[in-house]
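A.B. asks: Just dropping this structure here.
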Amino acid sequence: MIYIIFCVILILPIFLFVRGKRKNKTAKKIKIFWAKWMSLAIGIKTKVTFLSDIDSNDNYIICANHKSYLDIVLMYLVIDHDFAFLGKSELLKWPVINIFFKRGVDIPVYRDSKTRAAECLILAENEINEGRSVVIFPEGGWDNSEKVMRRFKNGAFQLAIDTSCPILPVTFKNNYDLFTDHKDFSGTAKPGTANITVHHPIIVDNLTRKDLVNLREQTFNIINKELNSEN
């Protein structure tokens with residue numbers, strides 16, 4: 001049922017041309033439209049806590065925990081920036097949504113090839129240099145049998161140091177409880193309120209590759225502490 005809602009809601013505006021100089025702005029409007037109506041259709045509300053003011057004129061590398069496809073949907077309602085998703089290449093198999101990846105709006109990550117994975121970071125760097133933000137789920141995936149966050153991969157933090165682009169940690173506290181199926185978009189969902197925290201940006205000016213592990217662990221600890229808090 002969720003998959004049907006997903007396709008119907010997104011396919012209505014997809015006939016707009018997502019190409020040319022305005023493709024990113026057009027795609028952003030389509031995705032926000034999709035996210036709002038998708039959330040409405042399955043009865044999801046959001047409660048977002050911003051720990052600091054986020055300048056809409058700045059760009060960020062947005063890092064969040066990831067255990068539900070709802071994370072992708074709600075990101076468009078939480079972050080008021082033009083951003084590119086770095087998403088697993090399996091998304092290229094999704095009808096409709098793969099259009100955004102094929103037209104260069106988002107960036108597929110090929111986890112089975114170190115060379116192609118490195119190429120995706122170059123594309124992400126280009127997007128940052130053009131003033132866009134980038135969303136990365138640094139866990140690189142999830143498994144329902146795992147009760148805690150996976151160790152973060154290095155890519156997001158290497159990218160931050162190389163571009164001097166600040167990290168913006170985001171904690172999705174209970175999306176997994178609202179939409180649990182990780183295998184496909186036909187999983188069950190239930191109405192509820194998604195609790196989300198947008199943390200203080202982490203400034204990376206003057207950091208070098210020697211600081212990568214500390215930056216990675218700092219980001220992990222910020223997200224994980226909020227994820228395990230009772231509030």
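A.B. asks: For region 124-157, enumerate the residues that are among the polar types (S, T, N, Q) and under 17 Å from the mean Cα position of the chain (by Cα).
C.D. replies: SER133, ASN154
A.B. asks: Only one of LEU74, LEU91 is under 26 Å from ILE223 (Cα atoms), at pLDDT below 85 and not charged (D, E, K, R); which?
C.D. replies: LEU91
A.B. asks: Something else about it: Please go through region 39-66 and pick out each residue that is at pLDDT below 85 and touching a strand residue (DSSP E or B) at 6+ places or on another chain (Cβ under 8 Å).
C.D. replies: Answer for region 39-66, where residues must be at pLDDT below 85 and touching a strand residue (DSSP E or B) at 6+ places or on another chain (Cβ under 8 Å): just ILE42.
A.B. asks: From the residues in region 157-199 that are part of a helix (DSSP H, G or I) and among the charged types (D, E, K, R), which one is modelled with the highest pLDDT?
C.D. replies: ASP162
A.B. asks: Name the residue that is surrounded by the most Cβ atoms within 10 Å (Cβ to Cβ), counting only residues in region 133-154 that are polar (S, T, N, Q) and modelled with pLDDT of 90 or more.
C.D. replies: The residue in question is SER133.
A.B. asks: Name every residue in region 42-86 that is among the basic types (Lys, Arg) and surrounded by fewer than 21 Cβ atoms within 10 Å (Cβ to Cβ), in order of residue number.
C.D. replies: LYS45, LYS47
A.B. asks: Also, quick follow-up: Output yes when any residue across region 125-132 is modelled with pLDDT of 75 or more and more than 23 Å from ARG216 (Cβ to Cβ), and no when none is.
C.D. replies: yes
The values are calculated or read from the model by the stated rules, or taken from the named source; none is laboratory data. Quick caveat: nothing in here was measured; it's all calculated off a predicted structure. Glycine also receives a Cβ, built like all others from the backbone with ideal geometry; neighbour counts cover every protein chain displayed.
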